[in-house]
Amino acid sequence: MAAPEIARFRRRAHVALFDATTLAAKGVKDQLVARAFPIASVRMFTSSTDPDFNLTEFAGEPVLLSPPDLDTLGNLDVAFLCGTRQEGERYLDWAGRAGFVAIDLTGASIGAGDVPLVNASVNPEAIPAGPGVVGSPHAVAQMLSTLLAPVRRHCAFKEAVVVVLQPASERGEPGIDELYQQSLSLMNFTEMPKETFGRQLAFNLIPGHLAEEARTVSATRTDIEREVRRITGGGYALAVQTIQAPVFHGHAAMAHVVLAGGKGREDLLTALKGMADISVGQRGDGATPIERAGKSGLLVTGVQPGLNESSFWIWAVADDLAGGTSVNAVRIAEKLLEPGPRKGGA
């Protein structure tokens, strides 16, 4: 992906990352560097009191972490909230009080009707002009809104039913570590940890309803459906089911879409190819999570007939660490610095 030119932006920004040692924060830091984001200064905060969480890195340099303090924030333009939902809730009102934009990757702003939810490649016009909170979608909602927005726009489809395979990375470092430790425990015939997933995930599948009952999910399927509709504009039926899969990172989805009458496979492919963040795969392209590791964007392949001439199955896969919510959050920040009017602006 080509990095944006500094000349695109009105000025450099004073940036902060809250809970800067998380997997989400690592993704944001990597993208800020990869995309040459125009930074005037950067600060890193942590909510943890553990002394092992007082150091991180940025652009290859060590950075000392400190507890966030509203009274000493000073000059700040953009903050990325990268911790848990509970940690994010602590800081949601700081943006309005201190006059900066907080980009929420924690899910703390889910359900807040006054907080815009933005997929930068689908509804960038929703980014407000002034200080406040901007929500970045849940990783699954980010993927599905990217997939379904061009289909809605060009094919006026009627409904979509989607089954999503979620990686361990959706639970952050604790999820990745627990899957790894469970795999070792099985091979060594020792007791396995289950604190994060509530049950065995290694060499197993956990359906979404069991994860929701155990309250080990970051967002319910109802949350995800609501987010996708908000971002894309709705006007169609949507049903989402999730399955926790024993893969470390990389989302995969099997979607069944029903297009408006008279629309066919070529219309669907044309719509998908017109989306910059979507690549339509060719025969022989790697189309599994492990084959997409480290690659940005959403790969769509396996477009097959469904129940009738206007319905189709679509296989989609994306590396959530290389091109998911972290990229989206940085794109939102870029939009804030680009010249020109935005929602609520002149």
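For the chain, calculate the relative contact order in percent as a whole number, restricting contacts to Cα pairs under 8 Å that are 6 or more residues apart. Intermediate results must be reported in sequence, preceding the final value.
Numbers: 706 pairs, mean separation 67.1, N = 346.
It rounds to 19 percent for the chain.
With a 1.4 Å probe and every protein chain kept in, tell me what percent of the accessible surface of region 1-154 is carbon plus sulfur.
On the way: 3360 of 6570 Å².
That share works out to 51 percent.
A34 to A112: extension gain in nm, 0.36 nm per residue of separation minus the Cα-Cα distance?
24.9 nm
Can you give the accessible area per residue of the chain, in Å², using a 1.4 Å probe?
Values: 15740 Å² over 346 residues.
Per residue, the chain has an accessible area of 45 Å².
Counting Lys and Arg as +1 and Asp and Glu as -1, what is the net charge of the other residues whose Cβ lies under 12 Å from the Cβ of G88?
-3
Nearest 5 is fine: what % of DSSP beta bridges in the chain come out antiparallel, could you say?
That works out to approximately 45 percent antiparallel.
How far, in nm, would the chain grow between E159 and Q86 when pulled straight, counting 0.36 nm per residue and subtracting the alpha carbon separation?
Computed gain between E159 and Q86 is 22.9 nm.
Given the C-alpha centroids of region 65-128 and region 303-323, what is the distance between them in whole angstrom?
Between the Cα centres of region 65-128 and region 303-323 lies a distance of 32 Å.
Taking a quarter of the surface of the convex hull around the Cα atoms of the chain, what do you get in nm²?
On the way: hull surface 75.1 nm².
Here the figure is 18.8 nm², rounded to one decimal.
Run the reach check for K335 against lysines, Cα to Cα strictly under 24 Å, same-chain hits fewer than 8 apart removed. What comes back?
K26, K29, K273, K295, K343
The values are calculated or read from the model by the stated rules, or taken from the named source; none is laboratory data. Small disclaimer: the values here were computed from a predicted structure and weren't measured. We place every Cβ from the backbone using ideal geometry, glycine too, and count neighbours over all the protein chains shown. Note: accessible area is taken over every heavy atom of the protein model, side chains too, but ligands, DNA and RNA are not part of it. Shrake-Rupley method; radii C 1.70, N 1.55, O 1.52, S 1.80 Å.
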